[in-house]
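Have a look at the structure below, then the notes.
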């Protein structure tokens, strides 16, 4: 019998960046789909900012149209509704209400610093004898 010489069979496997594991397969996605996905992720990451801005804009619209809104004297209308939204968000665990409260309390802090707080939105200050 003739001698059989065994040759080693070398099997190459893909080497990962760390640890020598297999690499993930490369998938191709359309550019439009990637852009939409990125925009959706950005919108979800900034939903708290959108909630705060919408709340402040709604309050500004109501005040501009002279809708009488009840308020606590020291903190004003924005502070009153901001405290209410914070309490609802805090005790119900609603994150959106907490972000609404952030927007309204920011407006209240601005008005407090500027000296524009009053008891009821739209009221005129009466000067003189009664």
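Below, the figures for the structure above:
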item: Residues within the range 61-79 that are part of a helix (DSSP H, G or I) and in contact with a helix residue (DSSP H, G or I) (Cβ under 8 Å, 6 or more places away or on another chain), tallied; result: 5
item: Contacts under 8 angstrom Cβ, first residue in the range 66-78 being over 15 Å from residue 115 (Cβ atoms), partner in a loop (DSSP other than H, G, I, E, B) and at pLDDT 85 or above, 6 or more apart; result: none
item: Residue ID - surrounded by the fewest Cβ atoms within 10 Å (Cβ to Cβ), chosen from residues in the range 89-114 that are touching a helix residue (DSSP H, G or I) at 6+ places or on another chain (Cβ under 9 Å) and farther than 15 Å from residue 52 by Cβ; result: 90
item: Hey, residue 54 modelled with pLDDT under 90 and outside any loop (DSSP other than H, G, I, E, B) or not; result: yes
item: Filter result for residue 60 (surrounded by 12 or more Cβ atoms within 10 Å (Cβ to Cβ) and under 20 Å from residue 111 (Cα atoms)); result: yes
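The values are calculated or read from the model by the stated rules, or taken from the named source; none is laboratory data. Keep in mind that what you see is a predicted model, and the values were worked out from it rather than measured. As a convention, Cβ positions derive from the backbone with ideal geometry for all residues, glycine included, and neighbour counts pool all protein chains shown.
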